[in-house]
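Okay, structure first, notes after.
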Amino acid sequence: MNGRKIANLGLTIAVLVAIVALYRWTPDQKDIQDPTPVKGVVGRAVQTPRFDLTVNDVRVGKKLRIPFSTPDRDSLTDFVVVDATVTATREPMHIMGVKIRSADGVTYLGSNRSGLDQVDLTGTAFSPDIPVHGSFVVEMPADKVPGATFLVMEKSILNDLEPQVTVPLGDNAPKLEDVVTLTDASDE
């Protein structure tokens, strides 16, 4: 083999390696459409460009008591109540995308029971720089809470590359209460 053939062979191999590398490293549709995770921990504020969120506590109960509403709500599973503080940072907004992903990969959506939209944080209009204390409610089995991750986004659809707060809820199971009582979302 002369020098020209060796150079051509080397260039051909380099081009093939580059093609395979570009194919493997090119973002796919999932990479383009997934939200951008912003990681946090319980008890500390997580900052995103649109809002700040602090998970204060996690409570689990067999029944849910909603203020000014009777009777207590029952569930085929359990109610997971995430007490949190949310502050809008730029402009008025709502938080619509609330989920908990268990350690085994199952995702549970925020509850939409009647009356919840009047008292929980998903029914709250957030004004800039005013912290609001309240709760998010998700129905899921209590034994799935250890190792689960709380996921919060401003929008529930059309959220390509939007920030998504991800807060691990810890490896310890919260105490299972008979009735979990919600308090009204409040800016006090």
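The numbers here are math on the coordinates, done by the rules we state, and not lab data. Since we're looking at a predicted model, the values are computed, not measured.
Highest GNM mean-square fluctuation among ILE100, ILE130, ILE66, for the chain modelled with Cα contacts below 10 Å: ILE130.
Every pair of different Cα atoms in the stretch 25-142 enters the Kirkwood calculation, which places the hydrodynamic radius at 15.7 Å.
Sequence gap at least 6, Cα distance under 8 Å: using those rules, report the relative contact order of the chain to the nearest whole percent. Averaging sequence separation for qualifying contacts and normalising by length gives 28 percent for the chain. Scaled against the 2.2 N^0.38 Å expected of a compact globular protein of N residues, the Cα radius of gyration of the stretch 79-144 reads 1.19.
What residue among VAL119, VAL81, VAL106 has the largest mean-square fluctuation in a Gaussian network model of the chain, using Cα springs under 10 Å? Ranking VAL119, VAL81, VAL106 by mean-square fluctuation puts VAL106 first. When the C-alpha to C-alpha distance is required to be over 19 Å, the pairs from LYS62/LYS144; LYS155/LYS175; LYS62/LYS175; LYS39/LYS62 that qualify are LYS155/LYS175; LYS39/LYS62.
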